1. Considering each of B:68, B:28, B:20, B:74 in turn, give the residue that is surrounded by 24 or more Cβ atoms within 10 Å (Cβ to Cβ) and modelled with pLDDT under 90.
2. Considering only residues of the range B:91-112 that are at the interface with chain A (Cβ under 8 Å from one of its Cβ atoms) and in a helix (DSSP H, G or I), which is nearest to residue B:349 (Cα to Cα)?
3. In the range A:122-175, how many residues are under 14 Å from residue A:94 (Cβ atoms) and at the interface with chain B (Cβ under 7 Å from one of its Cβ atoms)?
4. So if I check each of A:325, A:353, A:337, which one is within 26 Å of residue B:67 (Cα to Cα), out of contact with any strand residue (DSSP E or B) (no Cβ under 9 Å at 6 or more places or on another chain), more than 14 Å from chain B (Cβ to nearest Cβ) and part of a helix (DSSP H, G or I)?
5. Taking residue B:479 as the residue in question, decide whether it is in contact (Cβ under 8 Å) with a residue 60 or more places away in the chain and closer than 24 Å to residue B:48 by Cα.
6. Restrict the check to the range A:400-408 and report whether at least one residue is within 10 Å of another protein chain (Cβ to nearest Cβ), modelled with pLDDT of 75 or more and surrounded by 21 or more Cβ atoms within 10 Å (Cβ to Cβ).
7. Confirm whether residue B:166 is surrounded by fewer than 24 Cβ atoms within 10 Å (Cβ to Cβ), within 18 Å of residue B:250 (Cα to Cα) and either more than 10 Å from chain A (Cβ to nearest Cβ) or touching a helix residue (DSSP H, G or I) at 6+ places or on another chain (Cβ under 9 Å) (or both).
């Protein structure tokens, strides 16, 4: 532990918490101060996350998981925060998306209702905490923090679609939380411990007669995460909720499905990498993930409105990640991590864009042609008999159009942006199950991988068709159009997300190196377990000596 | 890095033109033209290096771990394509300057044209198969944008979408195929792939890879059955059609066929798919082209047909045919681009492209007419023009092709028929519009096109002539250089002479020309009489319509599937979740032993059993009544909660019991307060219960029983286990010596797992804020606004000694007087009790949570008996501040440990000796607990005020005095 700030990994939790408290103290009137505090805290969060990633990525291939003992109690007994590469990557993702969402919210949404900023920060606290914690019950707490804030944020701005989908969202998540608790209780009943690392170490020691109960508990627990990760058929809540809520919140919510994925990724590799329960649930994840991709692709084909398209893209990306998780090989996991970064940023950008695009007014002269009806026979190519004159796009629409195109490329995984690199890395990893990057000749490919391969390509096609349809509808067909008012902060936040994707494209190689190190670390969790369990509390006045042996 | 610079140049030009003023068309054209011309000169200057089979390659590292690097590779074949792309690009830029209307904001057009040029150069320069796909998809995308250039037109939108869908789908298939190919050969490098043709053809994955790659190539080159997008793409401005949809982009498909010819060709499968598609397209395209009336569509179908010819040549598995294919690529690009430009001149000058309306244009535009005639001669395959040469080679290939006898016979016949058709449509294009009596009803008076608009056509037609007259000198070296890499390094013997003697191919040419002229005359006669306006036999089989309805059907189908596979109903979602959880838990426990534990069972005592029976009845009753009588349901829930509380007591958990009871009280009261504002249950909707309803209810009941028993089984299994590795003994042994408190539960809350507590109080705060934010905008439904029955017992005009509480400031003035006095007297007592709980919490039952709830209950009572107005006029409650301060207190206490070098939330107990009191243990955890207390008070009060203010709003509205209702009293 020779890093610069040993306790820095508490900051992603404490910083938003204190910011939220200060925001509440600021009162309703001082809008400017609140805006500055919110954006400033998000920026600080991003910087902290980058520093943590820097620290986590420095420690060679085995990786140095940084561990901090909360309240100075060692691992199985107290709560630990662990920042390994995966957690750090997720923190950076939260940092980037939250900064852009916070910036975007300053244009209008931040002032639309009560306590937006405070709830926003609490949501960040929940997200960060969930990514950092190494304790299952603490994970539940942070899930609750995240969800409690998300209820408020989702309903922010009111209106019946929000309230309606919001109440469904709350009900589903309450049920999910109950399942979480049930699973947790069973797991604790069998294992007698809540620390993830401790469970991972002791899971091999579980007597055979307890294994059934252990598996049942793990399955119930997994259902809670699968709901969050939007697996089919447990994802009907997602599209109405995400498309109804305000743009910055939707962008933030794109992160929340990734929490479910993250936890599944963390726990499945930690608990079920080896031993008698190895690969537990892998098949379910794989096939349900594939079904989720198919469901998402069908949803994309069926959707006309951009909000729904964005929602179904979240589902497609969730399905992709779950299926990759189900494949259970480091190469696929590494590719999936890259995909997760790219897809999250892209979908967040798309959510921000939805609202801006829908702002493009029409002067009402022309009916928007409904692309859902079959066109008449042969439209004459030359019916006006005058030289055709194109319509110039106003600058704001041209910029939005460009941004939309970039988002569409990213979401559909078309070249040349990071969406394509991500998809390519997944496809390559599927074809070379033993890893090694380059297409390794000759190795047999399992049948599920072929289905996955085809579905990835087909979902890309569905996204292309759907996004082209939406693009034509919003940018080309809307008759004489009134340029939307585009505020600088909105443009900046959108640009920020897109820029991150472009950077991800340009520096795909170093990022892939990090993700493959992350995946390697995940699939051989020994280092993680040791780092957590070997962390000793600092001796102090009330705890003079630490006896090696647990009572 | 000559190639990298060459590739980058058009993209830079694209950005530059996008930034120029959008209507400065001369500047834009000059900028784009010079960029393309510069690129062209650059490419041409590289010829000596690729002339004799040399290859220029450059590598720029991008994602080496995926095998995806920018490998730029220029051999003779790529060089030929690069020349076509840049030279025709430069000519098109010049042409577009005059073609586009002066009002048109053309910056976008030029920017896209240059971007396309870059993308297309990227395709041909790719030395990496994945990189080729990258640029391939880029060309599709730019083509989409260019077809939709006049985006306000529906045909442009549809054409663009169709092109993108077809070529985009093909691109994805190509990606899959390329990945398979890379999987087979072990690398995505083109050179590696080119060197391992035998290995690829022998691999079991070869058919899959081949089909996928061919899907890409055939969609891009508009081959049957994917040909329908190309005529629709004619909605693009004519310069775009000339450039993308005849000369370059549609050639990308045949480019790929040629590029991978050494790897993939030579098998039966290749022959049947490629030459089959090519032959069908050749014939079909030429056939439909004869019957078109729009100049551009004649050319579009003719392009399809010629691409079919090239495809067929590559499909024949003969290297001589491949050379002919390469040759025809060049020839077709030159004469077809010039024809498109000529068509553009005609519609620019006359205002129409309808062949039936255009006649005798040679008088008004002699030069354009002459150029168009020469170019259509090349298209028809007239001797001394370049089209003739490649067509002769094609005929020769069909004659000397040896395969199955039926194919041997069919091939020359088909070739001749297609050639006859080609002569017919060339005559329709050339002869029909330029000769005959001049039209009089044209939208505009035709006149000769501007000089510089004709220049690009002149240059192209000139090259047709030169190649046609002196092929060996003019095109020989380039063709050799271009064809060599395609056939794998060694060129077959071929002769570019104009005259090969009186041999079968020449006879075929003669037959074609003669037959074509006769056919044209026959067709014209019929068409003048109004017959044969549409292509017979295939007119009904409209691939475009099939595509549109397929897409539409797909959308509808997905909606139907979505309705089946997804739901918008909460009930269904809940059912699914519980069913999945049950199913997965059962599945997970399958195959491994699942037994009860062997921990000692406690004997059941009758009293406890009775208690639990009561609890169970309450719980089930609450569930039953939830739908019919909410008040009873809530009351019963309270009953179940009480039983839980008593159970805690029974098992000697006083702390839990204490917390449980206050939580029960407060939640029940809040629920009851909220109940007031829910809409009434609508009685009297009676629908006969159908069998389906019964089935559904039965299904739900089964699930409920299943999930309930599953949960019970889980609990039982869990409770009967001893948990040998449990961490709980640790807490019991360390709480006092190291945690500094005798109350283990409290020490856990504020020390062992204080981090959890910090999170939990945050949850509490967030929930309260949410409730407040939601209810702030909420307006109760009209039926709830009316005063409840109890308060309406007396009409307003009846004199009574009861003061109507709702019209008075102080609700307690009326019948609430006595309870109000008691409640007010209880307030200080409650605060004292709370303080007691808070302070003793570390060692005995109590703590910040319970203390906070006690205070909250006391305040709640004040609200209930005195009313919000009275209370808030006298006490400034600021619940949000309570929450904020509590959270801060918790966080700062935690950070305090950091200051002295300990981890977050580490506790420390200070032993202070105070006068009078004596020794005091002051753990830092007390401050933390104080934070918990503050948050609990704040959160409960905030929820309470949010509910209480509903009543203010609801009753203010009828009396219309909203001004005074704004005092919401919070923060």
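1. Criteria check complete, one pass: B:68.
2. B:109
3. Total meeting the criteria: 6.
4. A:325
5. For residue B:479, the condition - in contact (Cβ under 8 Å) with a residue 60 or more places away in the chain and closer than 24 Å to residue B:48 by Cα - is met.
6. yes
7. Answer is yes for this residue.
For (1) over 25 Å from residue A:341 (Cβ atoms); (2) modelled with pLDDT of 90 or more; (3) not in a strand (DSSP E or B), each residue gets a yes or a no:
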site	(1), (2), (3)
A:5	no, no, yes
A:35	yes, no, yes
A:46	no, yes, yes
A:54	no, no, yes
A:78	yes, no, yes
A:94	no, yes, yes
A:100	no, yes, yes
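The values are calculated or read from the model by the stated rules, or taken from the named source; none is laboratory data. Because the structure is predicted, anything quoted here is derived from the model rather than measured. Please note: Cβ atoms are built from the backbone with ideal geometry, for glycine as well, and neighbour counts cover all protein chains shown.
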